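Every number in this text was worked out from the coordinates using simple rules, so none of it is lab data. Computed from a prediction, not measured in an experiment: that's the story for all the values here. Glycine also receives a Cβ, built like all others from the backbone with ideal geometry; neighbour counts cover every protein chain displayed.
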Amino acid sequence: MEQRRPLWATPLQFVFACISYAVGLGNVWRFPYLCQMYGGGSFLVPYVVMLVVEGMPLLYLELAVGQRMRQGSIGAWRTVSPYLSGVGVASVVVSFFLSMYYNVINAWAFWYLFHSFQDPLPWSVCPLNGNRTGYVEECEKASSTQYFWYRKTLNISPSIQESGAVQWEPALCLILAWLVVYLCILRGTESTGKVVYFTALLPYCVLIIYLVRGLTLHGATNGLAYMFTPKVEQLVNPKAWINAATQIFFSLGLGFGSLIAFASYNEPSNNCQKHAIIVSIINSSTSIFASIVTFSIYGFKATFNYESCLNKVILLLTNSFDLEDGFLTASNLEQVKDYLASAHPSKYSKVFPQIRNCSLESELETAVQGTGLAFIVYTEAIKNMEVSQLWSVLYFFMLLLLGIGSMLGNTAAILTPLTDSKVISSYLPKEAISGLVCLTNCAIGLLFTMEAGSYWFDIFNDYAATLSLLLIVLVETVAVCYLYGLSRFESELKAMTGRALNWYWKAMWGGVSPLLIVSLFIFYLSDYIITGTLRYQAWDAAQGQLVTKDYPPHALAVIGLLVASSTMCIPLVALGTFITRRLRRGGTAPVA
Amino acid sequence: MLWLLFFLVTAIRADLCQPDAENAFKVRLSIRTALGDKAYAWDTNEEYLFKAMVAFSMRKVPNRETTEIFHVLLCNVTQRVSFWFVVTNPSRNHTLPAVEVQSAIRMNRNRINNAFFLNDQTLEFVRIPSTLAPPPDPTVPIWIIIFGVIFCIVLVATMLLILSGIQQHRRKNKGPSEMEDTEDKCENVITIENGIPCDALDMKGGHINDTFVTEDERLTPL
């Protein structure tokens, strides 16, 4: 009696699982940054073009492969061609690296969430120094939110060489994060299918609440106007197009094997074409929606900082010239400054060096991405809102949902091939395999909670997945189209779903998408080679800001190892299969 | 004669209270910033209250319990509102040391602020740093409490799921093994069909049934 493959209870669970996996932290903290850097409203043009030309076809391809082969990534690619199971192995390795470092973000989100239940919020005030006359020096030089992130959360060391000890507070949060992930994947699709209802839908609720709150904030329109004013000259900048392609590629989570794993639990007759289009459109719309929220918050923060700066200048002038309190306002500031410069030139020239030029533009132009945006810029805006505890709790709860939703996909990519393999699943039940995977990842993830852990996190974030994924997806597309045969795949899809394959998908799979990926690959390689040494941003506690440093040799070795260990799987496994087949053929020759 | 003495006294007093004089402190008030529409005007009555508050603070210092309001001198009041003040000794020939005045003001800063509806930023004593209030520090950090609660909930839920999974597994193992037992029993019972044991009729070995003759042998070849 063969054990039936577990299936999603409804197709809706599958769609929600894909949405919950694809809509992740990158939509919130990477897309708004790209939008700001590459021309605001005009960035949407390359973004939509890349979505239609690259995102949808590749997503459909992965879902179709998973649904047809009904196995995890290793088994699926072995079915396509025995020499290609290396592609599946590479996917599993990359997913393993990703899940190692990605859950640390959830740990940080938990940390901030638990600290949101205090009044005042711990990142809104600087701690006092020894004799209680002022604030801690590091906090004075930086800001209270930066201090809380770099000192209280990470306890960051000045450079990557000084590892320091494991910080027990983030370590506890990491253990909790892995426990939550284990709870969600414990029963396979049975438990995952129910969890994804929450992880897919609740973030939208929070985003809508934040949209309403954000748009009603003072100064939000400044940020929105800044973002959406198109800078059309950026359209001819090749970097805009490359970054749009990269963002679409990584935002959908292609190449990790998670999409194949999810689709393998589908009914064979499922209409995955419709689902692919739906998921990719929802993913991109969420990015745009999240950037509206982010920019209204940016506008609020920039306006708040601009007005504080003006108030400081006003206070300085009022105190130096003993003007009447309340006489100087933002509107008459320039006139009064001119008057004072002419009436009391000597005194004015003494005060002049301290007068800062306050500019709303320069406040808006501080573009931040990644953990800096989520944990420093957003918290700075939140601490200035009324009832800041509520907004803080909502925000970090949303970050957690997005992060855990993506983790479900990552762990599915690792677990599905393991549970498919008859060798392993005969010895251990599903729960034990999941438990072992979570335990291993948690133990290795403790390395990211050390004092230098944030630097290692940046290494993994920047290098573990980028090049390898491009190669994996390229090999996938070429394999399906030319090794397996596009016509063969097309007829199988038609037999499975009952619908013919549109010419558009065939054109994209066969020609356009592989060409795009090759050009992205060439661009990244040349970028790495041209820049020479790789650098990173280190936090300097004495100055209270980030400084750029070079990576030491052992860090460069780790980077090389990361990229090599996943990309080398493809040729090595192919070679291994070739050799074993040759040996088997050589061994059976005398019998024949 | 009396007028001469009066002029002498005011002259001495004027000398004692000067901007940047020894032991003098500058004070700045930002009443409009703090109170907006409810701002009060700064007049001599408010100055009197200020002198009273400073005298009150000095009276709290040991050895200075006899400080009176007229020992506190104010001068150079600007429209900012800012002014300088000194505290003189009982004989009014020199000013009290700055350190004493500073510590007295620091001890009673809160009372002085409240008398004027202001705070440390809007009632500023230049060169007297205010003692900042430390944030409340509970014995057990709040975040650990919340962490503990959520950790326990997740742990209990995980244990429940694992246990129910083990129970289901055991039930499934008992189920098919019961079915296997009945199948074994079937095989152990030798079925008899028409007096011939079924085993003999087993075609696994590919035995030819002798009772059945092929057609070819009957017909003679042409």
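How large is the dipole of the protein assembly as shown about the Cα centre if only Lys and Arg carry +1 and Asp and Glu carry -1, each at its Cβ, rounded to the nearest 20 debye? Could the numbers behind the result be given before it?
Working: 57 positive and 60 negative charges, 152 e Å.
So the magnitude is around 740 debye.
Of A:Asn106, A:Asn305, B:Val27, which is farthest on the positive side of the dipole of the protein assembly as shown, counting Cα position, with +1 on Lys and Arg Cβ, -1 on Asp and Glu Cβ, and the Cα centre as origin?
B:Val27
Suppose the chain between A:Lys422 and A:Phe523 were pulled fully straight at 0.36 nm per residue; how much longer would it get relative to their current alpha carbon spacing?
Using 0.36 nm per residue and subtracting the Cα-Cα distance, I get 32.3 nm.
Can you compute the FRET efficiency between B:Ser91 and A:Asp322 using 1/(1 + (r/R0)^6), with r the Cβ-Cβ distance and R0 = 51 Å? Round to the nearest 0.05.
0.95
With +1 on the Cβ of every Lys and Arg and -1 on the Cβ of every Asp and Glu, and nothing else charged, how large is the dipole of the stretch A:463-592 about its Cα centre, in debye rounded to the nearest 20?
Value, rounded to 20: 660 debye.
Taking beta carbons within 10 Å but only from partner chains, what does the mean come to for residues A:320-333?
Mean partner-chain Cβ count within 10 Å for A:320-333: 3.
Quick one: angle between helix A:553-567 and the longest Cα principal axis of chain A, in degrees between 0 and 90, rounded to 10, please.
40
For peptide A:293-300, how many partner chain Cβ atoms fall within 10 Å of a residue's Cβ, on average?
0
For peptide A:19-29, how many partner chain Cβ atoms fall within 10 Å of a residue's Cβ, on average?
Mean partner shielding for this stretch: 0.
Greater than 25 Å separation of Cα atoms is the criterion. Which listed pairs, A:Lys301/B:Lys38; A:Lys350/B:Lys26; A:Lys347/B:Lys51, meet it?
Distance filter (> 25 Å) returns A:Lys301/B:Lys38; A:Lys347/B:Lys51.
State to the nearest 20 debye the size of the charge dipole of the stretch A:79-232 about its Cα centre, where the only charges are +1 on K and R beta carbons and -1 on D and E beta carbons.
Approximately 320 debye in magnitude.
For the stretch A:297-391, which semi-axes, largest first and in whole Å, follow from the square roots of 5 times the eigenvalues of its Cα gyration tensor?
33, 15, 10
Taking the Cα centre of the protein assembly as shown as the origin and placing charges on Cβ (Lys, Arg +1; Asp, Glu -1), which of B:Ser103, A:Val125, A:Gly560 is farthest toward the positive end of the dipole?
B:Ser103
At 222 nm, what value in deg cm²/dmol follows for chain A if DSSP H runs of at least 4 each add -39500 (n - 2.57) and the sum is divided by all its residues, to the nearest 500? If you can, show how the numbers build up before the last one.
On the way: 29 runs with 397 residues, N = 592.
Taking each H run of at least 4 residues, the total per residue is -21500 deg cm²/dmol.
Hey, rough spin-label estimate for A:Glu137 and A:Leu215, points 7 angstrom out along Cα→Cβ, what's it come to in nanometres?
Taking the simple label geometry, A:Glu137 and A:Leu215 are separated by 4.9 nm.
Taking all pairs of different Cα atoms in the stretch A:450-571, averaging 1/r and flipping that mean, what Kirkwood radius in angstroms comes out? Please list the in-between numbers first.
On the way: mean 1/r = 0.0569 Å⁻¹.
After inverting the pairwise mean of 1/r, the radius is 17.6 Å.
For the stretch B:10-125, build the convex hull from the C-alpha positions and give me its volume per residue in Å³.
Given the Cα convex hull of the stretch B:10-125, per-residue volume reads 95 Å³.
Using a basic spin-label model with each label point 7 Å from the Cα along Cα→Cβ, how many nm lie between A:Glu334 and B:Phe70?
With each label placed 7 Å out from Cα toward Cβ, I get 5.5 nm.
Among A:His218, B:His71, which comes first, then next, by fewest other beta-carbon atoms within 10 Å?
Result, fewest neighbours first: A:His218, B:His71.
At a Förster radius of 35 Å, what calculated FRET efficiency corresponds to the Cβ-Cβ distance of A:Phe117 and B:Asp37, to the nearest 0.05?
Numbers: r = 36 Å, r/R0 = 1.03.
According to the calculation, E is roughly 0.45.
Ordered by residue, what ³J(HN,Hα) values in Hz, to whole numbers, does the stretch A:169-183 give under the Karplus form 6.51 cos²θ - 1.76 cosθ + 1.60, where θ = phi - 60° and Gly and Pro are x?
Working through the residues one at a time gives 5, x, 5, 4, 5, 5, 4, 4, 4, 5, 5, 5, 4, 4, 4 Hz.
At a 4.7 angstrom Cβ threshold, list every cysteine in chain A that has nobody to pair with, or say none.
Lacking a cysteine Cβ partner under 4.7 Å: A:Cys18, A:Cys35, A:Cys173, A:Cys184, A:Cys205, A:Cys272, A:Cys438, A:Cys442, A:Cys481, A:Cys569.
In whole Hz and in residue order, list the ³J(HN,Hα) couplings for the stretch B:45-57 that follow from phi through the Karplus curve 6.51 cos²θ - 1.76 cosθ + 1.60, θ = phi - 60°; x for Gly and Pro.
Couplings: 5, 5, 4, 4, 4, 4, 4, 5, 5, 5, 4, 4, 5 Hz.
What FRET efficiency comes out for B:Ala157 versus A:Ala343 if R0 is 45 angstrom and r is the Cβ-Cβ distance? Round to the nearest 0.05. Mind showing how you got there, number by number?
Values: r = 73 Å, r/R0 = 1.62.
Efficiency computed from Cβ-Cβ geometry: 0.05.
Any idea which of B:Leu49, A:Ile288, A:Leu520 is furthest toward the positive side of the dipole for the protein assembly as shown, if Lys and Arg beta-carbons carry +1 and Asp and Glu beta-carbons -1?
Value: B:Leu49.
Quote the Stokes-Einstein diffusion coefficient, in whole µm² s⁻¹, for the protein assembly as shown, based on the Kirkwood radius over alpha carbon pairs, a temperature of 4 °C and a viscosity of 1.567 mPa s.
Reported coefficient: 40 µm²/s.
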